[in-house]
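**Student:** Can you read through this structure? Questions will come right after.
The values are calculated or read from the model by the stated rules, or taken from the named source; none is laboratory data. Since we're looking at a predicted model, the values are computed, not measured. Ideal geometry is used to build each Cβ from the backbone, glycine not excepted, and the neighbour counts take in all protein chains shown. The protein model used for the area step is the full one, side chains on, heavy atoms only, and it has no ligands, DNA or RNA in it. Shrake-Rupley method; radii C 1.70, N 1.55, O 1.52, S 1.80 Å.
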Amino acid sequence: MRYLQLVLKTATNHPEFQRQIAAPAVPKISAATIAIAENSVDMDTMILATQTLNQLVTLYPSQQKASSPKLFALCYRILGGSAPQSTDSRLLDATAELFSTLHYLGGKVGGASTWRTCVDTVLQSSWVALAALRSTFPSRATYMIGQNVLNVGSTTPSYFGPLPGEPPMAVALSLDRLKCNISAICALLR
């Protein structure tokens, strides 16, 4: 994967090579790298695959549009946290960096709205995680976000899934989700 990063990065200096060989191969390389990142049990391999995807999105955003749902799903799965063990900090940093580059997939016109959607989604899930940590009783909480009202109860954004029924697991997962969301927000604002 490191060799692919090197070849595809230096291909930008050779337009003919980039046009005929590198650009057509990028969707296939991305699909294989996404599969490696999703199915790998080795943490170093997952981190390397995530970093490779980050570089591919940055260098070849137009060739990545077909795989954007899978890229978002991969980021949401990792940024969704884990319990009882927290998400590895190296994987979290690599995923936050990948998540912060996904707005390039929107192009010049849709990039700003994609970035805004990413920020709104992460902020909403942060509020949900914070409300789950703060609520002692199973009542529905209401928060104002700008002009929108966010009703927070036992529901969470669809890509995170519901919290576990056991309170210790729910607290651990909410803490990790909050940590992951803070990393994602910092990466988006850089």
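**Student:** Could you please find all residues in the range 61-70 being in a helix (DSSP H, G or I) and either crowded, with 17+ Cβ neighbours inside 10 Å or hydroxyl-bearing (Ser, Thr, Tyr) (or both)?
**Tutor:** 62, 63, 64, 67, 68, 70 - these are the residues of the range 61-70 that are in a helix (DSSP H, G or I) and either crowded, with 17+ Cβ neighbours inside 10 Å or hydroxyl-bearing (Ser, Thr, Tyr) (or both).
**Student:** Here's something else I'd like to know. Tell me yes or no: at least one residue of the range 21-33 is within 17 Å of residue 71 (Cα to Cα), of a type in the set (D, E, K, R), within 20 Å of the chain's Cα centre (by Cα) and assigned to a helix (DSSP H, G or I).
**Tutor:** Looking for residues that are within 17 Å of residue 71 (Cα to Cα), of a type in the set (D, E, K, R), within 20 Å of the chain's Cα centre (by Cα) and assigned to a helix (DSSP H, G or I), one finds none in the range 21-33, hence no.
**Student:** If a residue must be surrounded by 12 or more Cβ atoms within 10 Å (Cβ to Cβ) and not in a helix (DSSP H, G or I), how many such residues does the range 162-190 contain?
**Tutor:** Count: 2.
**Student:** So, in the range 38-60, how many residues would count as being open to solvent by 40 Å² or more (accessible area, probe 1.4 Å), of a type in the set (Ser, Thr, Tyr) and not in a helix (DSSP H, G or I)?
**Tutor:** Number of matching residues: 0.
**Student:** Is there a residue in the range 137-153 that is at pLDDT below 85, in a helix (DSSP H, G or I) and exposed (fewer than 11 other Cβ atoms within 10 Å of the Cβ)?
**Tutor:** No.
**Student:** Ok, one more. Could you tell me how many of the residues in the range 79-90 are part of a helix (DSSP H, G or I), touching a residue at least 24 places away in the same chain (Cβ under 8 Å) and open to solvent by 10 Å² or more (accessible area, probe 1.4 Å)?
**Tutor:** Of the residues in the range 79-90, 1 are part of a helix (DSSP H, G or I), touching a residue at least 24 places away in the same chain (Cβ under 8 Å) and open to solvent by 10 Å² or more (accessible area, probe 1.4 Å).
**Student:** I want to confirm something. Restricting to the range 1-20 and keeping residues that are in a helix (DSSP H, G or I) and among the hydrophobic types (A, V, I, L, M, F, W, C), which single residue is farthest from residue 102 (Cα to Cα)?
**Tutor:** 17
**Student:** Another question, if that's okay. Can you go through 96, 73 and tell me which one is modelled with pLDDT of 90 or more, more than 21 Å from residue 5 (Cα to Cα) and in a helix (DSSP H, G or I)?
**Tutor:** Answer to the selection: 73.
**Student:** What number goes with the only condition from (1) open to solvent by less than 70 Å² (accessible area, probe 1.4 Å); (2) more than 18 Å from the chain's Cα centre (by Cα); (3) not aromatic (Phe, Trp, Tyr) that residue 6 does not pass?
**Tutor:** That leaves (1) as the condition not met.
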